[in-house]
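Q: My structure is below; once you've seen it, I'll send some questions.
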Amino acid sequence: MADSLSTRQAEDPGAPVGAPAARGTGAPTGGGRPRLSARTRRRALPWTLLAPGLAVIGILLLYPIGRVVWLSVQDYGLDNVVSGRSDFIGLDNYARLLGDRYLWTVALPNTAVFAVVAVAGTVAFGTLVALLLNTLSRFARTAVLSCIMVAWAMPAVSGTYVWVWIFDVDDGLVRRVLQTAGVVGPEGYNWFAERSAFYAIAALNVIHHGFPFVAVTVLAGLMTIPRELHEAALLDGAGAWQRFRNVTVPTIRPVFAVVTILSTIWDFKVFAQVYLMPGGSGGNRDVLNLGVWSYVRSFANQSYGLGSAIAVLLTLMLLSITVVYLRTLFRDEELR
Amino acid sequence: MPAGPRARGHVRTLARVLAVAGVLAFTLFPAYFMLVSALSARPASGTEALLPAAVTLENFRFVLVEAGFLRYLGNSLAVAALTVVGSSLLALLAAVAVARFRFRMRTTVLVLVLTVQMVPLEALVIPLFLQVRDLRMLNSLIGLSIVYIALALPFAVWMLRGFAAAVPAEVEEAAYIDGCSWGRMFWSVLFPLVAPGLVATAIFSFITAWNEFILALTFMNQSEKYTVAVGLRQFFGQYTTDWGQVMAASTVITLPVMAFFLLVQRGLVSGLTQGAVKQ
């Protein structure tokens, strides 16, 4: 959840800089430490403040990224975990991975097509909700927003279980209703076994969880559009759709860019939402995405080298999306 | 049938009310269904759980007392508390550095903090597992907390940076004129002004630690060390699942997060938009 807010403060203009003047360091230091010049200490201060945080990020985030790349060029199995020995095999894991039909027919489509569908659904539905909220009175808007927060606040783990229960193959609500309506026969239907149905349920889960972020952000964008723009378009005889296309969309284009790219990043790396569904933890090979495949390869099949290669592939894909994201953020003004 | 402007207005209002009702139904249904399933005594099917004939707390009692969920709650609370304290402290220092100073490589640090958030946990879990294993810290709540501090840190820095930058430079300068050292200024001037941001950041770190699944699943393989997100899995029987119990446990996990979300909601909505929208 946490990274869902990373857009916040992204472009706040004019962060004031309190440059501590030299007199700030004028207090005498106690003890026998040699006195550094005020200038040196002023220079060192930000790095001293940053040091613990950067150390933690370095040791627990950057070093592991380096290590996963290193693992991906090794044949690293259970015996290597025990002995700590490494068998360097160059790019063999990547060659094996890229030559695997499973990557191209199952894992990659499951990841990418799902992300496209989920992002499109989240952004479209979130925008519609924002447009609706924008027409409401202040009180009604606040009330509806509070309710929408409930969907956002639900942890992925419990949210996924609720959807699994709703679609439960034996006793689920959907099956019972469809059976009563005569759509499904008494033998029932296992939607988790078939990958398009499996991912349709996963998409429903992800859209339900993700649309509040889009709605809230787009709504904030809508509220900054000056009234006059719409009134002018109305005078020119523009219909509702024309006004949306030619006034609303261009004005809040940066907002759309940010919510789309962030949603893409999140939906590429869904894990719990797939892993916790029936068959999603490796039982059904048709429904794994890159993340779950990497995890299953590593921890269930004890093939850490190949699992790392899959993870590196996923990371590279996310990194390229991130570059686009950063460019969008940095386009208009320097990060302050 | 020609409709007057008044009739059209009525139709519009009606359409709007229906749309709002639809959105609310879609949004709230899973939470409602989770709660009613948890409150009904052994629901045989989803339709039965939808409108329970009798309300009972038996599922909650079973989950908390007999299934050991109290222990998982304790584990999760301990991990989340350590994560909150650690990440808030480190993030405060780092955020002050990037928000109140101009120095070389400052932009590089900011880009690093932003980029590192995008790395998928699926890529981190393999090397972190080996690292934690080598340190013999598997099944250690402290080990898990240290990793969570790193996970929560980039976002916490990013968020606090905005709060630290919002303090006017004049306030800081006034403190120096009064003869404060930098350290004194930090504690007496900057810290109280950034404190509300620190609360919001702490809540997000809490939610990160509370909801995290993949690392807890990998690091914790003794059932007495499970966190809530992983403990939930054990309600799934080999052949049958008691959905009343699963939903009761899910409700227990969800409630703290929801409470915190409501607490930060206001800051969340206004804060989110500052980033994406040019004012």
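FYI, it's all coordinate maths here, none of it is from the lab. Just so we're clear, the structure is a prediction, and the values are computed from it rather than from any experiment. Please note: Cβ atoms are built from the backbone with ideal geometry, for glycine as well, and neighbour counts cover all protein chains shown.
Q: In vacuo Debye scattering of chain A, one point per C-alpha: log10 I(q)/I(0) at q = 0.13 Å⁻¹?
A: Log10 of I(q)/I(0), two decimals: -1.14.
Q: Can you give the percent of C-alpha pairs in region A:164-323 whose distance is more than 20 Å?
A: Details: 8382 of 12720 pairs.
The calculated P(r) of region A:164-323 puts 66 percent of pairs beyond 20 Å.
Q: Kirkwood Rh and Cα-based Rg: tell me the resulting Rg over Rh for region A:252-336, rounded to two decimals.
A: That ratio equals 1.12.
Q: Run the dipole for region B:74-154 about the Cα centre, Lys and Arg Cβ at +1, Asp and Glu Cβ at -1, nothing else charged, and hand back the magnitude in debye, nearest 20.
A: Here region B:74-154 has a charge dipole of around 380 debye.
Q: Another question, then. Arrange A:Val144, B:Val84, A:Val82, B:Val11 by Cβ neighbour counts within 10 Å, fewest through most, would you?
A: A:Val82, B:Val11, A:Val144, B:Val84
Q: Work out which helices of chain A, taken as complete DSSP H runs, extend at least 30 Å along their axis over the Cα atoms and score a mean Kyte-Doolittle of 1.6 or more, then list them.
A: Numbers: long enough: A:108-134 (38 Å, 1.82); A:195-222 (37 Å, 1.31); A:304-331 (39 Å, 1.58).
Answer set is A:108-134.
Q: Of B:Ile177, B:Leu93, B:Ala156, which is farthest on the positive side of the dipole of chain B, counting Cα position, with +1 on Lys and Arg Cβ, -1 on Asp and Glu Cβ, and the Cα centre as origin?
A: Of the candidates, B:Ile177 comes out farthest on the positive side.
Q: For chain B, modelled as a Gaussian network with Cα springs under 10 Å, which listed residue fluctuates most, B:Leu112, B:Leu39, B:Leu144?
A: Its mean-square fluctuation being the largest, the pick is B:Leu112.
Q: Tell me the mean residue ellipticity at 222 nm calculated for chain B from its helices only (DSSP H runs of n ≥ 4, each -39500 (n - 2.57), averaged over every residue, nearest 500).
A: So the helix-based figure for chain B works out to -24000 deg cm²/dmol.
Q: List the residues, sorted by chain then number, that are 5 or more residues from A:Gln74 or on another chain and whose placed amide H is less than 5 Å from its amide H.
A: The answer is A:Ile89.
Q: Given 37 °C and 0.692 mPa s, compute D for region B:67-274 with the Stokes-Einstein relation, Rh being the Kirkwood radius over Cα pairs; round to the nearest whole µm²/s.
A: For these conditions, the coefficient is 173 µm²/s.
Q: Using alpha-carbon positions, what is the distance between the centroids of region B:111-165 and region A:243-313, in Å?
A: 19 Å
Q: Select from chain B the helices, each a whole stretch of DSSP H, whose alpha-carbon atoms run 27 Å or more along the helix axis and whose Kyte-Doolittle mean is at least -0.5; answer none if there are none.
A: Going by DSSP H runs, the hits are B:5-39, B:69-100, B:141-165, B:191-211, B:243-276.
Q: For region A:91-156 and region B:33-86, what is the centre-to-centre distance using only Cα atoms, to the nearest Å?
A: Cα centroid to Cα centroid, the span is 27 Å.
Q: Two-decimal Rg/Rh of the protein assembly as shown from alpha-carbon positions, Kirkwood Rh? The partial results should precede the final answer.
A: Numbers: Rg = 26.0 Å, Rh = 26.2 Å.
Here Rg/Rh amounts to 0.99.
Q: Report the dimensions of region B:40-186 along its three principal axes from the alpha-carbon atoms, largest first, rounded to Å.
A: 71, 40, 26
Q: Which net charge results when you count Lys and Arg as +1 and Asp and Glu as -1 among the other residues whose beta-carbon is under 15 Å from that of A:Val169?
A: Details: positive: A:Arg175, A:Arg176; negative: A:Asp168, A:Asp170, A:Asp171, A:Glu187, A:Glu194.
Net charge around A:Val169: -3.
Q: Build a GNM of chain A with springs between Cα atoms under 10 Å: which of A:Arg85, A:Arg67, A:Arg42 gets the top mean-square fluctuation?
A: Of A:Arg85, A:Arg67, A:Arg42, the Gaussian network model singles out A:Arg42 as fluctuating most.
Q: Would you work out the Kirkwood radius for region B:1-56? I mean one over the mean of 1/r across all pairs of different Cα atoms, in Å.
A: It works out to 13.9 Å.
Q: What is the magnitude of the charge dipole of region B:67-274 about its Cα centre, with +1 placed on the Cβ of each Lys and Arg, -1 on the Cβ of each Asp and Glu, and no other charges, expressed in debye to the nearest 20?
A: Value, rounded to 20: 240 debye.
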